[in-house]
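Each reported figure results from applying straightforward, stated rules to the coordinates on display, with no laboratory input. Because the structure is predicted, anything quoted here is derived from the model rather than measured. Ideal geometry is used to build each Cβ from the backbone, glycine not excepted, and the neighbour counts take in all protein chains shown.
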Amino acid sequence: MAAWRKSDVTPKGKHMNYAIIGFGEIGRALAGAFARNGIEVSVATTRDPESFASAAAAIGPGILPKTLAQAVKADIIFLAVRYESHPDVAKALSSWEGKIIIDVTNTYGVSPEELGGQPSSKVVAQAFTGGRLVKGFNHLVAAVLGQDPAVQGGRRVVFLTSDDDGAVAPVAALAERLGFAPVNLGRLEEGGALVHARNKIWGPLIFQDLFKKEPRAM
């Protein structure tokens, strides 16, 4: 395993810090990806961090239990809670300006009327005032997401979609560092429809476990 890094540094010299909000099966699978690559990440729920500290420690020493108020100080934040809980997380800050939120939620069974006919990520984005939202890492079940993404000379694909082109690049770079092959589907209402659930219909790319083969050296 790589030596633990407290943060990653962007080409502009900025230290990037990461957090996962939600520590259910998906949150733990994401934490495992950070642990495999020696990257520190804060993890938080609405509960006291002591209540899940032992589970975090079992994943790796760089998986840091935090309060919600502490975790949302990160630059890139995975929203790995139930869709219905996203407004509660959004209340943790009055402004999410400058932060990137990776929406890992799914809305199977949520009516189109409740979403105002929009993709669910647009509704989530509206709750996180000032934040930059990227939908991603949501199409795989936890048991698959938690596996090492390097398989048979390729890397497991994660789909990204956003109406903010500038926000996709740092999320794609993080996905690469976690060992995945990011694929940009474009805007939320276009390619993004492929990874959004609508009512009781899953998007056609949800649950598709795909791999990107590395090009052979010439």
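Given the residues Ala181, Ala172, Ala142, Ala150, which is the only one that is on the phi < 0 side of the Ramachandran plot, surrounded by 14 or more Cβ atoms within 10 Å (Cβ to Cβ) and in contact with an Asp or Glu (Cβ under 7 Å, 6 or more places away or on another chain)?
Only one candidate passes the filter, namely Ala142.
Name every residue in the stretch 203-218 that is surrounded by fewer than 17 Cβ atoms within 10 Å (Cβ to Cβ) and either in contact with a helix residue (DSSP H, G or I) (Cβ under 9 Å, 6 or more places away or on another chain) or under 29 Å from Ile39 (Cα atoms) (or both), in order of residue number.
Pro204, Phe207, Gln208, Asp209, Leu210, Phe211, Lys212, Lys213, Glu214, Pro215, Arg216, Ala217
Do we have Gly186 as without any contact (Cβ under 8 Å) to a residue 40 or more places away in the chain, in a loop (DSSP other than H, G, I, E, B), under 17 Å from the mean Cα position of the chain (by Cα) and more than 19 Å from Ile77 (Cβ to Cβ) here?
yes
Restrict the check to the stretch 80-88 and report whether at least one residue is more than 26 Å from Asp163 (Cα to Cα) and not in a helix (DSSP H, G or I).
For the stretch 80-88, residues more than 26 Å from Asp163 (Cα to Cα) and not in a helix (DSSP H, G or I): absent.
When you check Ser54 against the structure, is it closer than 19 Å to Arg132 by Cα and surrounded by fewer than 20 Cβ atoms within 10 Å (Cβ to Cβ), yes or no?
The answer is no for Ser54.
Could you list, in sequence order, all residues of the stretch 144-172 that are part of a helix (DSSP H, G or I), touching a residue at least 12 places away in the same chain (Cβ under 8 Å) and aliphatic (A, V, I, L, M)?
Answer for the stretch 144-172, where residues must be part of a helix (DSSP H, G or I), touching a residue at least 12 places away in the same chain (Cβ under 8 Å) and aliphatic (A, V, I, L, M): Val144, Leu145, Ala167, Val168, Val171, Ala172.
Looking at the structure I just gave you, is Val123 surrounded by fewer than 24 Cβ atoms within 10 Å (Cβ to Cβ) and either of a type outside the set (Ser, Thr, Tyr) or touching a residue at least 40 places away in the same chain (Cβ under 8 Å) (or both)?
yes
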